[in-house]
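Only the coordinates and a few stated rules stand behind these numbers; no lab work does. What you see is a predicted model, and the numbers here were worked out from it, not measured in a lab. Glycine gets a Cβ as well: all are built from the backbone with ideal geometry, and neighbour counts include every protein chain shown.
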Amino acid sequence: MSQISGELWSLATASAGGISSLTTLPVWLVWTSAGLWLYGNFDRPVEFFVRRVRMRRHGFDGYSEYVRSTVWRQRAARWYAAHGKPPCCVCAAGREPGRIFHLHHVDRFRAGSGREMDRDLVPVCDRCHTIVHKVERRLYALAFTLRASTWAVRHLALPVRVVRRLANRAAGSRA
């Protein structure tokens, strides 16, 4: 057994050496990148599997059934009672009449139990929620999780948030 693992290790090291000779990157960076890529590709199916098991354990056939349930509405009410009604975490849009807001699950691992952690939920307007999930679907091939997609959209929208907050602050000082 150890002979086989030794042969596999020498094969892997030789292939990494071959890869690093093709690039100017050091071997450790190539290995780290490959590991992160593999981790991302394994993380996504695990995330979906864990969520499906949790949904079934709590009596829901799927995620959409869960977010339409009273369990989710009670959880959302507890979150809003603890945090108030903050603006959209992506674009900083306020709660004007007619604007629809959602509580977005940043991490799917705990979704389905009604006991999601507060840090796994963020308020987003309907438009930004659609954008986050479009980015998630597009970056699926690159092994981006929902948390990574949400992070990317939030940080790409940083200039919009800054301008909105400065405008709100200026409007507040004039009033």
Tell me which trypsin sites (Lys or Arg not before Pro) from the stretch 42-85 have a DSSP coil assignment and no more than 16 other beta carbons within 10 Å of their own.
Arg68
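In terms of the Cα gyration tensor, with a ≥ b ≥ c the square roots of its eigenvalues, is the stretch 44-154 rounded because a/c is under 1.5, prolate because a/b exceeds b/c, or oblate?
Details: a/c = 1.99, a/b = 1.12, b/c = 1.77.
Note, shape of the stretch 44-154 comes out oblate.
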Alpha carbon centroid spacing (whole Å) that separates the stretch 64-109 from the stretch 118-140
12
Using modelled backbone amide H atoms (1.01 Å from N, in-plane), which distant-in-sequence or interchain residues come within less than 5 Å of Leu121's amide H?
Val106
For Glu47, Glu96, what ranking results if the residue with the fewest other Cβ atoms within 10 Å of its Cβ goes first?
Glu96, Glu47
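Report the gain in length on full extension from Tyr140 to Ala152: 0.36 nm times residue separation, minus Cα-Cα distance, nm rounded to one decimal. Walk me through the numbers on the way to the answer.
Numbers: separation 12, 0.36 × 12 = 4.32 nm, distance 1.31 nm.
Extending this stretch completely gives an extra 3.0 nm.
For Cys128, Cys89, which order do you get if you count the other beta carbons within 10 Å of each Cβ and list the fewest first?
On the way: Cys128 25, Cys89 20.
Least crowded to most crowded, the residues run Cys89, Cys128.
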Rounded to the nearest whole number, the per residue volume of the convex hull around the C-alpha atoms of the stretch 92-156 in Å³ is 97
Put in order of increasing Cβ neighbours within 10 Å, starting from the fewest, Thr145, Thr130, Thr150, Thr70 give Thr70, Thr130, Thr145, Thr150
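How high is the FRET efficiency between Val160 and Arg119 when r is their beta carbon distance and R₀ equals 30 Å, given to the nearest 0.05? Spell out each step's value before the answer.
Working: r = 23 Å, r/R0 = 0.76.
Here the calculated transfer efficiency is 0.85.
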Förster radius 30 Å - calculated FRET efficiency between Arg57 and Thr130 (Cβ-Cβ, nearest 0.05):
0.55
